[in-house]
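S.K.: Shown below is the structure under consideration.
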Amino acid sequence: MTNNNQTPKLTATKAVILARVSSKEQEDGYSLAAQENNAQAYCANRGYQVLKVFSIVESSTKGNRKKFHEMLNYINEQAGCIAIVSDTVDRFQRTFKETLEVDPMIKAGKVELHFIKNGLVVHKNSSASDTTMWRMCVLMAENYVLSLSENTKRGLKQKIMNGEWPSKAPVGYLNVTQNGRKTIIQDPQAAPLVKKFFEDYSTGNYSMEQAARDFKKAGLISCKGVAFNAASMQRTLENSFYCGIMNVKGTLIPHRYGAIISKQLFDKCQQVREGYHKQPLRYDKLSFTFKRMIKCADCDSYISSYHRCKTNKTDGKKHHYIYLRCAGKANHKQCSCGEIREEVATKAVMETLKAIQVPPALLKGVLAQLVGKLNTQEQAENAVRANAQRRLGQIAKEKEVWVQKEASGLIPSETVNAKLQALAEEEKNLQDKLSGQKKGTSNRTAWTLARAVNLLSRLPELFKGSQSGQKRKILNLIFANLLMKGKSIEIIMKKPFSFVAEGSKYCVWGTAFNEFYNFLIR
C-alpha cells in the first residue's frame, strides 16, 4: 500500500491491462467487462497509454497459463517500463509461482504492478510494507483456492453418499436440469436398448461385436461422444450403474436414478462373461449344442461336453461321440451325476418339444381363436380411447366456462382455481392413458402370435434340422433350466411355453392357449 506522505517514484508511462476469469461460463458475463472498464478508467486518470488489453479465460492454478506468459513476452518486447494494471491481486495471480517470474522484471525496472481495488502499486522502489502486502494478498488468494478445493471435495463426497452421480451419466441415462437443479433420468429411447443388450447377452449367444453393431445402427453413442465398439460394450456390460449401483473408486453405492436392469440379470451377465474365459482353449473352435446350457442338480456346476473317439474292433473304423459330464468333479466336488452321451440330452429335449407341439388339426382353430381375442380387445381399447378423447373435449369447454365465471366476478378466484386444477389433473391422467395405448397394434400383435403358434407346431423339426448355434438359441428361448441328475436330464420350461406344456399334458388346449395369449399381450 502506497505511503501517503511519500510520492512513489514511478517511471511507467505505458500500460497493459490484464482481465481474467477462470472458466468459459464467466467469459460472457459481467466480470471481464467490469475489470476492463475499471482498468481503462484507472489508466486514463493517470495518463497511461494503454498498449494492449489481455482478456484471459484460464485458471491461475492449473496448467501453464499460456495467455499470461504471452502477456509477459509482449511486455519484454516493448521499450521502457510497462505498468500491468489488474483489478485485484487474485485476478493477476493466486499462487507464488508467478511472483518468481515477475519479481526479477520488477527489480530490473521493466514492470510495475498496479492492483486497483487493493490500492497497491509494486515497483522497483517499493517499500518493504508494500512488497509484504503484495505477498500477503497472494497468500490469501492461495488460501482461498485451497479452501475452495477442500469444500468442493467435501461437497462431492456428501453428494456421492446421497446417491448422486457427480459426472456424465452412461448411455441409457440423461443428464438434465429439473427445477433449476441438475439430475439424471433414464433415457426413454436408449434405456430399452440397453436392457435388451443385457438380456440378449445373458443367453450366451450374443457377442460384443454384434451388440456394438446394434447400438451403432440405433444411433447410440457413448458418454464420450463416440460410437460403440466391442471394448466399450464390455465396459457397459461391467457397469453396475445399470442395476442401481454406482462404482466410485471401488466403493459400491446405490444411486437414486432407478435401475434399468435387475441385479440378478447383471450378475448373470457377469457369469456368462467370466465363463467364456474359463473354457479350455483347445475347445474354443468346437461347437457343442449343450455347452454351458446344463447344470448339475447336485453341485450347481456346468455340465461340460467333450469328444471321444472309439475304434470298432470288427472293421477298425473310428467313430466320434460327444459325451456330457459334470465339470465339478474335476474340482473334487461330490455329486451323483454320471457320464452320458449327448444323444440322451437331445432325446429329452425332443420329447419336451413334441409335448408342446400344436397338433396340425388344432392349429387353424387356435390361430382363429387368438385373432378373435385380439379383435375383441382392440374394440374395447378403441371404445376407451374414444371416451377419453370425448372427455378431453368436455374438459376444454369446462375450462373456458370457469374462466368466464371468474372474469365476471360471479365466483371467487379460489374456487375457480381449485376447479381448474382438478380439471387439469384429470386432463393429464387422460392424456397419459391415451399416450400409453398404442393405436393400431392389433395386426402386428396378431402376426406375432401367429408366428409364435406356428413356431410351436414346428419346434421338433426345427431343432432337429438346426446347427449347434441355432439349437442353443431354441434352448434359450424355450427352457428356463436344464439340470442333470444321475444320468437323466430334468427340464424346466419358461413361461408362456410352460402353459402350453401343462395344457397339452391334460389335453386342455383351450385353457393352455388362453394363458399363452394373456402372457404374450401383457
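The values are calculated or read from the model by the stated rules, or taken from the named source; none is laboratory data. Bear in mind that the values here come from a model prediction, so they are computed numbers and not experimental data. Cβ placement follows ideal geometry from the backbone for every residue including glycine, while neighbour counts extend to all protein chains displayed.
S.K.: Answer yes or no: is there a residue in segment 479-502 that is part of a helix (DSSP H, G or I), at pLDDT 80 or above and β-branched (Val, Ile, Thr). Steps first, please.
M.R.: Restricting attention to segment 479-502, the residues satisfying the condition of being part of a helix (DSSP H, G or I) are 497-502.
Cutting the leftovers down to at pLDDT 80 or above gives us none.
Among the residues of segment 479-502, not one is part of a helix (DSSP H, G or I), at pLDDT 80 or above and β-branched (Val, Ile, Thr), which makes the answer no.
S.K.: Looking only at segment 465-489, count every residue that is touching a residue at least 12 places away in the same chain (Cβ under 8 Å) and under 15 Å from Leu353 (Cβ atoms) and tell me the total.
M.R.: 12
Yes/no per residue for (1) at pLDDT below 75; (2) among the acidic types (Asp, Glu); (3) assigned to a helix (DSSP H, G or I):
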| site | (1), (2), (3) |
| --- | --- |
| Thr7 | yes, no, no |
| Ala34 | no, no, yes |
| Asn45 | no, no, yes |
| Asn64 | no, no, no |
| Ile75 | no, no, yes |
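S.K.: Considering only residues that are exposed (fewer than 10 other Cβ atoms within 10 Å of the Cβ) and either outside any loop (DSSP other than H, G, I, E, B) or of a type outside the set (Val, Ile, Thr) (or both), which ones fall in segment 312-345? Explain how you work it out, then say what you get.
M.R.: Let us first name the residues in segment 312-345 that are exposed (fewer than 10 other Cβ atoms within 10 Å of the Cβ), namely 312-320, 331-332, 334.
Of everything in segment 312-345, those that are exposed (fewer than 10 other Cβ atoms within 10 Å of the Cβ) and either outside any loop (DSSP other than H, G, I, E, B) or of a type outside the set (Val, Ile, Thr) (or both) turn out to be Asn312, Lys313, Asp315, Gly316, Lys317, Lys318, His319, His320, Asn331, His332, Gln334.
S.K.: Still on this model: For segment 148-159, does any single residue satisfy the condition of being of a type in the set (Asp, Glu) and under 30 Å from Gly80 (Cα atoms)? Can you show your working first?
M.R.: Pass one, segment 148-159, residues of a type in the set (Asp, Glu): 150.
Of the ones still in play, those that are also under 30 Å from Gly80 (Cα atoms) are none.
Within segment 148-159 (the criterion being of a type in the set (Asp, Glu) and under 30 Å from Gly80 (Cα atoms)), the answer is no, since none of the residues qualifies.
S.K.: While we're here: Look at segment 90-132 and say how many of its residues are of a type outside the set (S, T, N, Q) and either more than 23 Å from Tyr48 (Cβ to Cβ) or more than 51 Å from the chain's Cα centre (by Cα) (or both).
M.R.: 21
S.K.: Could you look through segment 390-402, keep only residues that are aliphatic (A, V, I, L, M) and surrounded by 12 or more Cβ atoms within 10 Å (Cβ to Cβ), and pick out the one that is nearest to Leu434 (Cα to Cα)?
M.R.: Only one residue tops the list, namely Leu392.
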